[in-house]
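Visitor: Structure provided below as structure tokens; questions to follow.
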Amino acid sequence: MAVADEGGFSSAATRLGTTQSAVSHAVRAIERKLGVVLFERGRFGARPTPAGERAAAHARRVLRMLQTLAAEARGAGTGEITGPLRVAAFRSAALHLLPPALERLAVLHPGIEVTVSVVRELGPGNAGEVEAGRADLGIAAFAHDVALPPGLVGGVLLEEPYSLVHPAGHPDPRGLPLVDWMENCGSYTRAWWDAQDWIPAATVTAEDDGAVLSMVGSGLGMAIMPALSLTAAPPAVEIADLGPKRPYRSVRYVTTAESAATEAVRALIRALRETTRHSPVRDSPVLTKPQLRAV
């Protein structure tokens, strides 16, 4: 795991407090036992092979469960839930869903030590962080009818609608150029998107949804955005309903079967569910109560 994370034997040795030769010898011994090559060696250092990526993911998860074993054994007599909890989430979920849930968690279980990573929903995204063993729980976005990757479990937190966002007071918002960002979940709404002949190709691409809102508010164009991204939208923009056939995306918590059985992850799931039931997002003009489904 150290070699995979650090990208080389020397840096892994420094992290582990041992020698480069000892790390190299240990990895070769593991490769002989498994019968596969785990790393490509070269001037670039050590890159995991597909087998190495899979082995490192299992190693992270095994080491995490050993930590959980110790924490839950210590808390068995007191009923306290303690220990580290690693969470990965995309930007708008980290801004608007996680804080109230973590506040609730801290009140109920102050011994849980939470670290949050903001991970863009590109490629494997936040589900990939869980699958790779780098997070105990992820908050990820999916098309509403798409199953979770094999080996992962989870549940729906929100069914999140998309809306048209444009400069406030603009007389013809659909005639404006499109402002977009790479993380926008067009793939989740592709069939709907392709059927809309009024949506042009993006002429401005921003780094994230916050930059998109700022550009729209400055009059540079319109955008099609999910509800969480529009929470506390600035007064310089207006939000328009896309009609009864508007697209949705599913915001879910994702974890592994073994992590789902741990006390800390179960406590966070309860806090997330309670938060979505009482979230200020319910008051959003683009995510009213009938449109918000908490599971």
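The values are calculated or read from the model by the stated rules, or taken from the named source; none is laboratory data. All of these numbers come straight from a predicted model, not from anything done at the bench. Backbone-built Cβ (ideal geometry, glycine too); neighbour counts: all protein chains shown. For accessibility, only protein heavy atoms count, side chains too; no ligands or nucleic acids. Shrake-Rupley method; radii C 1.70, N 1.55, O 1.52, S 1.80 Å.
Visitor: Percent relative contact order of region 1-47, based on C-alpha pairs within less than 8 angstrom and at least six residues apart?
Guide: Values: 37 pairs, mean separation 17.9, N = 47.
Dividing the mean separation by the residue count of region 1-47 yields 38 percent.
Visitor: Among bridges DSSP assigns within the chain, what percent are antiparallel (round to 5)? Working shown, then result.
Guide: On the way: 28 of 43 bridges.
So the antiparallel bridges amount to about 65 percent of the total.
Visitor: Turning to a different aspect of this structure: Can you tell me the orientation of helix 50-75 relative to the chain, as the angle in degrees between its alpha-carbon axis and the longest Cα principal axis, to the nearest 10?
Guide: Tilt of helix 50-75: around 80 degrees.
Visitor: Please sort 49-59, 138-148 by packing, taking for each peptide the average over its residues of neighbouring beta carbons within 10 angstrom, highest first. Intermediate values should be presented prior to the final figure.
Guide: Working: 49-59: 16.5, 138-148: 18.6.
So the peptides 49-59, 138-148, ranked by packing, come out 138-148, 49-59.
Visitor: Below 8 Å, C-alpha to C-alpha, sequence gap of six or more: please give me the relative contact order for region 111-176 in percent.
Guide: Working: 24 pairs, mean separation 11.7, N = 66.
Computed over region 111-176, the figure is 18 percent.
Visitor: Still on this structure: Treat every Asp and Glu Cβ in region 88-221 as -1 and every Lys and Arg Cβ as +1, leave all other atoms uncharged, and give the resulting dipole magnitude about the Cα centre to the nearest 20 debye. Display every interim value, and only then the final one.
Guide: Numbers: 6 positive and 17 negative charges, 24 e Å.
Dipole about the Cα centre, nearest 20: 120 debye.
Visitor: Next question. For the chain, what's the relative contact order in percent, using C-alpha pairs closer than 8 Å and at least 6 residues apart?
Guide: Numbers: 500 pairs, mean separation 61.6, N = 295.
Relative contact order here is 21 percent.
Visitor: Roughly how tilted is helix 20-34, in degrees to the nearest 10 and between 0 and 90, from the longest Cα axis of the chain?
Guide: 80
Visitor: A further question follows. Any idea of the accessible area per residue across the chain, 1.4 Å probe, to the nearest Å²? Walk me through the intermediate numbers first.
Guide: Numbers: 14420 Å² over 295 residues.
Per residue, the chain has 49 Å² of solvent-accessible surface.
Visitor: Among 198-209, 213-224, how do they line up by average Cβ neighbours within 10 Å per residue, starting with the highest?
Guide: The packing order, highest mean first, is 213-224, 198-209.
Visitor: To the nearest 20 Debye, how big is the dipole of the chain about its Cα centre, given +1 on the beta carbon of each Lys and Arg and -1 on that of each Asp and Glu?
Guide: Details: 30 positive and 30 negative charges, 191 e Å.
Charge dipole of the chain: 920 debye, to the nearest 20.
Visitor: Please list the equivalent ellipsoid semi-axes of the chain, computed as the square roots of five times the alpha-carbon gyration tensor eigenvalues, in descending order and whole angstrom.
Guide: 40, 25, 16
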